[in-house]
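Only the coordinates and a few stated rules stand behind these numbers; no lab work does. Model, not experiment: these values are computed from the prediction. Using ideal geometry, Cβ is built from the backbone for each residue, glycine included, and neighbour counts are taken over all protein chains shown.
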Amino acid sequence: MKSVRAIEKFFFNGSQSHEYVTILYVDYILYCDMPNGYIYILTNTHNSVLYTGVTSNLIKRINQHKSKVYKKSFTSKYNCHRLVYYEKYNSIVLAIEREKQIKNYSRNKKNKLVNSLNPGWDDLYKYLIH
């Protein structure tokens, strides 16, 4: 039995408008009744530090980063609070797999990933909450 999974990607086209792009993949069903998962990339004000994370609740998790709930965390220490990239998966397990892949990317490859959908490196959080 095959299943279709979708990955929603945020696309910022350089103007004030934005849109979501959904990419469909056909997969064998490996997991069922799993919560959605998100991978995300945060940066600081100067875009000099990147953090890649995974969560099942993107808005809640970004709020935690922005409010520095975990004072001794990497994101608190380096002031990573700007959401510049994310992908949505229909399974947290698939999101974790993708997070591991991105964490192994070079800085240059991560920059290209962000630039592919958010060339202005805008904070995408504002679009999530509206």
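List of remarks:
- With contacts taken as Cα pairs under 8 Å and at least 6 residues apart, segment 52-119 reaches a relative contact order of 34 percent.
- Highest mean first, the peptides 80-86, 39-45, 94-100, 54-60 sorted by other C-beta atoms within 10 Å per residue fall in the order 80-86, 39-45, 94-100, 54-60.
- Note, ³J(HN,Hα) from phi for segment 82-87, Karplus 6.51, -1.76, 1.60, rounded to Hz, x at Gly and Pro: 9, 7, 10, 6, 7, 9
- Long-range HN-HN contacts of residue 37 with modeled amide H, under 5 Å: 89, 90, 91, 92
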